[in-house]
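K.L.:
Questions regarding the structure given below will be posed in turn.
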Amino acid sequence: KEAAKAFILSREEKDMVSLSVFSDSASTVQDISTVNIIKPKIDGILEKIKAAGATNIGAGMEQGLIQLSNTDDAYNKMALLLSDGENNSGEWQTKAAKFMQKGWPVCTVGFGTEADETTLRAIAKNTGCIYEFSDISNIVNSFQSINAYASGDSTILLANDALPPQGRLSYPFYVTALAQMLKIYTSWQGSTLNTVLTAPDGRKIDKQSIVQG
């Protein structure tokens, strides 16, 4: 839930998102809508998600097809599929074929050691997307890797570290000379993030040196 929340909140306000769940059947807990509408009620939406039943990946994909079909074709469309078990109810092949026909990628995440990696890899490969394996320690990173992929961005740093109370973490990374935008996603609650850019000549650029306007 925290990974899904971080994913949704880091999208642009005008982007559209829906959220569906599946077990032996599937349903949609949030119909496709703009991020700015979903943000204020995100916690209530996530509270509707409960673990139960079998694993019908195809049913989940069908919900994704329905939701994506309810948006304007001017949008670039994709689905993110998370599963923690072997597909043991229904079939997913015809749904994957529909995504392929429409040109909508399905990025997949296998959560935990019981995930059906063979199926999830096949879905991602056949629809033109990526597969990520994750557990509880790095699921936010997995979702944000797909977030960057969906935006056409390049991931230059992924880190997964515990931040103790009153603690501090520092991550050095390199930004190319032609880069125009840097996006940073975090899942730390109640923490402050400071970004400092250091030029090759040693000159530092931070929030104190940036002139607004």
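The values are calculated or read from the model by the stated rules, or taken from the named source; none is laboratory data. Bear in mind that the values here come from a model prediction, so they are computed numbers and not experimental data. All Cβ positions, even for glycine, are placed from backbone atoms using ideal geometry, and neighbour counts span all protein chains on display. Keep in mind that these areas ignore ligands, DNA and RNA; they rest on the heavy atoms of the full protein, side chains included. Shrake-Rupley method; radii C 1.70, N 1.55, O 1.52, S 1.80 Å.
K.L.:
Check the stretch 149-160 and report whether any residue there is within 30 Å of Met100 (Cβ to Cβ) and touching a Pro at 6+ places or on another chain (Cβ under 6 Å). Give the steps one after another, and end with the answer.
P.N.:
Step one: list which residues in the stretch 149-160 are within 30 Å of Met100 (Cβ to Cβ), which gives 149-155, 158.
Of the ones still in play, those that are also touching a Pro at 6+ places or on another chain (Cβ under 6 Å) are none.
No.
K.L.:
Which of the residues that make up the stretch 64-96 are more than 17 Å from Ser23 (Cβ to Cβ), touching a residue at least 24 places away in the same chain (Cβ under 8 Å) and of a type in the set (Gly, Ala, Ser)?
P.N.:
Answer for the stretch 64-96, where residues must be more than 17 Å from Ser23 (Cβ to Cβ), touching a residue at least 24 places away in the same chain (Cβ under 8 Å) and of a type in the set (Gly, Ala, Ser): Ala79, Ala96.
K.L.:
Would you point out which residue out of Thr176, Thr155 is open to solvent by 90 Å² or more (accessible area, probe 1.4 Å) and at pLDDT below 80? Outline the logic, then answer.
P.N.:
Values: Thr155 fails: open to solvent by 90 Å² or more (accessible area, probe 1.4 Å).
Checking each option against the conditions leaves just Thr176.
K.L.:
Moving on. Where residues in the stretch 22-47 are touching a residue at least 24 places away in the same chain (Cβ under 8 Å) and more than 18 Å from the chain's Cα centre (by Cα), which of them is most open to solvent (accessible area, probe 1.4 Å)?
P.N.:
My answer is Asp24.
K.L.:
Can you tell me which residue in the stretch 189-213 is nearest to Gly167 (Cα to Cα), limited to those that are modelled with pLDDT under 75 and open to solvent by 100 Å² or more (accessible area, probe 1.4 Å)?
P.N.:
Here the residue is Gln189.
K.L.:
Right, here's the next one. Which one is modelled with the lowest pLDDT, of the residues in the stretch 23-54 that are of a type in the set (A, V, I, L, M, F, W, C) and in contact with a Leu (Cβ under 9 Å, 6 or more places away or on another chain)? Give the steps one after another, and end with the answer.
P.N.:
At the first step, the residues of the stretch 23-54 found to be of a type in the set (A, V, I, L, M, F, W, C) are 26, 29, 32, 35, 37-38, 42, 45-46, 49, 51-52, 54.
Then drop every residue that is not in contact with a Leu (Cβ under 9 Å, 6 or more places away or on another chain), which leaves 29, 32, 35, 38, 42, 45-46, 49.
Values: Val29: 96, Ile32: 97, Val35: 96, Ile38: 96, Ile42: 95, Ile45: 95, Leu46: 95, Ile49: 92.
The qualifying residue modelled with the lowest pLDDT is Ile49.
K.L.:
Still on this structure: Look at the stretch 113-137 and say how many of its residues are in contact (Cβ under 8 Å) with a residue 12 or more places away in the chain and either touching a strand residue (DSSP E or B) at 6+ places or on another chain (Cβ under 8 Å) or surrounded by 17 or more Cβ atoms within 10 Å (Cβ to Cβ) (or both).
P.N.:
16
K.L.:
Among Ala96, Ala54, which is the only one that is open to solvent by less than 40 Å² (accessible area, probe 1.4 Å) and more than 26 Å from Ala148 (Cα to Cα)?
P.N.:
Ala54
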